1. Report the local net charge at ASP103: Lys and Arg +1, Asp and Glu -1, summed over other residues whose C-beta lies under 13 Å from its C-beta.
2. Sort VAL37, VAL60 by heavy-atom solvent-accessible area, probe 1.4 angstrom, most to least.
3. Mind giving me the FRET efficiency for ASP85 and ASP59? R0 is 30 Å, r the Cβ-Cβ distance, nearest 0.05 is fine.
4. Give me, ordered by chain and number, the residues 5 or more places off GLU4 or on other chains with an amide H under 5 Å from its own placed amide H.
5. For the ranges 82-95, 100-113, 23-36, what's the packing order if you count other beta-carbon atoms within 10 Å of each residue, average per peptide, and put the highest first?
6. Rounded to the nearest 0.05, what FRET efficiency do SER138 and GLU27 have when you use their Cβ-Cβ distance and R0 = 25 Å?
7. For the range 5-147, would you read off the P(r) tail past 27 Å as a percentage of all alpha carbon pairs?
Amino acid sequence: MTLETVLLAVGPGDAERSHELADAVLEVATPAEATVVLAHVFTQSEYDEVVTRLEFDDDVDIDPDTVAVSHSTIRDLQAAFDESDVTYEVRGAVGDHGAAIVDLATEVDADRVVVGGRRRSPTGKAVFGSTAQEVLLSAPAPVTFVRSDDEQS
């Protein structure tokens, strides 16, 4: 299987693990010379909050791709990929996190999907979070789950 496109999906909880996500993507994308699709998925309320916080003009219909490019997590990842000469594009999506990630993976014909998550307590280890679980079960390509090193339960 040729690796041409890697979808890296990030959301509101991924700012603190952007380095781990970048490393995981660079490990597979760099040797394959794959294109990385940096995707920031927002729920409608997250999207509205970011649009307000970033002071976009309320009279103009703002494209999710434009909002994604303005997000700090995406900018951090762009810097890592620029430094490594990895080709990438930025996409934004609004909707349920899991379903939107799966839809984007299908739309860009991803050969690999990378998502992040957090370490779970012993009870929580039995079940992934709903977003990660939906992506792992429904994505049209293999999924790499990058676990955060924090000790949250």
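1. Details: positive: ARG91; negative: ASP96, GLU107, ASP109, GLU134.
Once positives and negatives cancel, what remains is -3.
2. Working: VAL37 5, VAL60 75 Å².
Greatest to least solvent exposure: VAL60, VAL37.
3. On the way: r = 39 Å, r/R0 = 1.30.
That pair, ASP85 with ASP59, gives E of 0.15.
4. For GLU4, the qualifying residues are ASP111.
5. Answer by packing, highest mean first, reads 100-113, 23-36, 82-95.
6. 0.55
7. 18 percent
The values are calculated or read from the model by the stated rules, or taken from the named source; none is laboratory data. None of the values given here were measured: they were computed from a predicted structure. Note that we place each Cβ from the backbone using ideal geometry, even for glycine, and neighbour counts take in every protein chain shown. Side chains are part of the model used for accessible areas, which takes the heavy atoms of the whole protein and leaves out ligands, DNA and RNA. Shrake-Rupley method; radii C 1.70, N 1.55, O 1.52, S 1.80 Å.
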